[in-house]
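What follows is a short report on a single structure.
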């Protein structure tokens with residue numbers, strides 16, 4: 001090779017040099033790849049340097065470097081207050097309903113009743129979420145509620161998450177009631193449980209908290225949420241599948257709305273206010289139900 005040599009490419013990445021050496025090879029441009037262990041260079045005879053530089057520039061234009069997307073940083077929050085509130089409210093209502101406190105049949109006063117809701121007793125959409133038919137029903141909703149509520153609270157904070165869950169679940173109850181006959185009756189926190197599942201799936205998907213490059217990752221939260229809904233929310237002769245599905249759908253919608261609000265969980269004052277509203281909705285709904 002001619003001693004008058006010119007460097008046309010230099011990099012610490014040997015593969016980059018090797019790729020460009022193949023380009024020069026395909027064009028039959030004399031070249032040499034030199035590697036000192038720390039970096040490598042491509043050199044060509046001076047008469048070929050202009051052509052080599054131009055061809056390598058064209059190669060770079062056609063093969064821009066693939067930039068890795070910086071994953072979104074997820075800030076997790078304290079989910080314990082929300083979980084404690086959920087367990088306390090559900091167990092407290094179960095105990096008071098079981099002993100008929102205030103000499104009232106809590107199940108009659110607070111259950112979803114299609115006819116009465118159509119007449120304006122909308123508080124039943126909330127009170128029914130805290131009633132359970134038996135201990136097995138109660139324990140099932142406690143376990144799954146804590147499980148899904150943990151993820152929702154970690155992502156959104158206890159207050160925001162549980163206000164969204166309560167509102168989504170009540171909305172799901174309302175839509176389900178309107179779609180069924182007026183004789184429809186139901187109780188249970190399962191609608192809220194699946195609202196929590198939908199909330200997590202929707203928020204994770206719309207915030208793109210998982211890699212969006214592959215379809216399996218892009219649709220993972222939605223598919224996973226629907227799979228859990230099918231596995232845990234459609235069994236048993238007394239299962240209100242419509243309420244479970246609509247709870248999930250409304251929760252998913254709430255996840256979309258919250259994903260558009262940025263980091264709604266960052267403000268402690270917001271968490272306290274929303275948490276208070278979630279408890280207040282349940283408390284005042286029962287206050288109305290027990291006073292009617």
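Between the helical axis of 268-291 and the dominant principal axis of the chain, each derived from Cα atoms, what acute angle in degrees is found, rounded to the nearest 10?
The angle comes out near 30 degrees.
At 7 Å along the Cα-to-beta-carbon direction for both residue 36 and residue 73, put a label point, then send me their distance in nm to one decimal.
With each label placed 7 Å out from Cα toward Cβ, I get 3.8 nm.
Return one number: the angle in degrees, 0 to 90 and rounded to the nearest 10, between the long axis of the Cα atoms of helix 220-232 and the longest principal axis of the Cα atoms of the chain.
The two axes meet at around 30 degrees.
Please list, in order, the residues from region 151-186 whose amide nitrogen is less than 17 Å from a point placed 7 Å along the Cα→Cβ vector of residue 206.
152-153, 155-157, 160-172
May I ask you to derive the FRET efficiency for residue 12 and residue 51 from their Cβ-Cβ distance with R0 = 25 Å, giving the value to the nearest 0.05?
The formula returns an efficiency of 0.50 here.
Compute the angle between helix 14-26 and the longest alpha-carbon principal axis of the chain, please, reported from 0 to 90 degrees and rounded to the nearest 10.
Taking Cα atoms only, the helix is inclined about 50 degrees.
Determine the shape class of region 138-186: with a ≥ b ≥ c the square roots of the Cα gyration tensor eigenvalues, call it rounded for a/c under 1.5, and otherwise prolate if a/b is greater than b/c, oblate otherwise. Intermediate values should be presented prior to the final figure.
On the way: a/c = 4.15, a/b = 1.80, b/c = 2.30.
It comes out oblate by the Cα gyration axes.
Between 201, 266, 243, find the one with the highest GNM mean-square fluctuation for the chain; connect C-alpha pairs within less than 10 Å.
With Cα springs under 10 Å in the chain, the top fluctuation among 201, 266, 243 is at 266.
Using Cβ contacts closer than 10 Å as the measure, can you line up 118, 6 from fewest to most?
Details: 118 12, 6 15.
Ordered from fewest to most neighbouring Cβ atoms within 10 Å, 118, 6 come out as 118, 6.
Could you give the distance between the Cα centres of region 89-138 and region 256-291, to the whole Å?
Rounded to whole Å, the Cα centres lie 20 Å apart.
Using volume of the Cα convex hull per residue in Å³ as the read-out, say which of (1) 137; (2) 156; (3) 180 was calculated from these coordinates.
Computing volume of the Cα convex hull per residue in Å³ and matching it to (1) 137; (2) 156; (3) 180 gives (3).
Where a ≥ b ≥ c are the square roots of the eigenvalues of the C-alpha gyration tensor, would you call region 71-119 rounded, which needs a/c under 1.5, or, failing that, prolate if a/b is larger than b/c, or oblate? Write down the numbers at each step before the final one.
Details: a/c = 6.30, a/b = 1.89, b/c = 3.33.
Verdict is oblate for region 71-119.
Rounded, prolate or oblate: which one fits region 5-62, using the alpha carbon gyration tensor with axes a ≥ b ≥ c (rounded when a/c is under 1.5, else prolate when a/b beats b/c, else oblate)? Kindly include the intermediate steps, with their values, before the conclusion.
Numbers: a/c = 1.79, a/b = 1.27, b/c = 1.42.
In terms of gyration-tensor shape, oblate.
GNM, the chain, Cα, under 10 Å: largest mean-square fluctuation among 115, 62, 75?
62
Readers should treat all values here as calculations from the given coordinates under stated rules, not as data from a laboratory. The structure displayed is predicted, hence computed values, not measured ones. Cβ: placed from backbone, ideal geometry, glycine included. Neighbour counts: every protein chain shown.
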